[in-house]
Amino acid sequence: MVCMNTPLWLVYALLGALCASMINVLGKIGMTGVDSDLATAVRSAVQALFVIGFCAMTGALGKLDTLGVKPMTMIVLSGICGGVSWIFVFRAIQIGEVSRVAPIDKLSLPLGIILAVLVLKERPIPVNWLGIGLIVAGAYLATIKPTT
């Protein structure tokens, strides 16, 4: 349960994780007999329309002209990376088990932290690095196929 002292960023992050947890399972169910690239395109279009509608409702869409060249370039590149990521993930879950693909996909977390250290000069403390290592180990362990 979230209490009144819970930071808002944590609430958003947990809600994001909850929603993200459903993506691969719903995608796998929806891709039965469907090309994974087409499924990715439909998913991305729906996501884009949803977020644009949300921005229109909150008034954020009216601030589009405030984005400078560098922020817009970085955001566009981020979007391209997200699209390429989902093309690969949807291809992987179409031919593999979600329970094995999802942990590998979540290696984006430790890879993202390493990039944040290299590019943004962020400095995780030793206990953070332990957690990152456990995520990597967990991803490996979660992908081991049971022997029958």
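The values are calculated or read from the model by the stated rules, or taken from the named source; none is laboratory data. Note that the coordinates shown come from a computational prediction; the quantities given were computed from them, not determined experimentally. All Cβ positions, even for glycine, are placed from backbone atoms using ideal geometry, and neighbour counts span all protein chains on display.
For every residue, the table says whether it meets (1) assigned by TED's automatic domain parsing to the domain that holds I23; (2) β-branched (V, I, T); (3) within 25 Å of G83 (Cα to Cα).
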| residue | (1), (2), (3) |
| --- | --- |
| A116 | no, no, yes |
| K121 | no, no, no |
| N128 | no, no, no |
| T143 | no, yes, yes |
Return the residue satisfying two criteria in turn: it lies in region 33-49 and is outside any helix (DSSP H, G or I) and of a type outside the set (A, V, I, L, M), and of such residues it is surrounded by the fewest Cβ atoms within 10 Å (Cβ to Cβ). G33
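Of all residues in region 66-82, which are among the aliphatic types (A, V, I, L, M) and part of a loop (DSSP other than H, G, I, E, B)?
Initially, region 66-82 is screened for residues among the aliphatic types (A, V, I, L, M), giving 67, 69, 72, 74-77, 80.
Scanning region 66-82 gives a single hit, L67.
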Can you pull out every residue in region 7-32 that is surrounded by 10 or more Cβ atoms within 10 Å (Cβ to Cβ) and either in contact with a Ser or Thr (Cβ under 7 Å, 6 or more places away or on another chain) or not in a helix (DSSP H, G or I) (or both)? M31
Close pairs (8 angstrom Cβ cut-off, 6 or more residues apart or separate chains): in a helix (DSSP H, G or I) and among the hydroxyl-bearing types (S, T, Y) in region 83-95, at pLDDT 90 or above and surrounded by fewer than 18 Cβ atoms within 10 Å (Cβ to Cβ) anywhere: S85/S108
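Give the residue, chosen from I52, I114, that is within 23 Å of L134 (Cα to Cα), hydrophobic (A, V, I, L, M, F, W, C) and part of a helix (DSSP H, G or I).
Working: I52 fails: within 23 Å of L134 (Cα to Cα).
Checking each option against the conditions leaves just I114.
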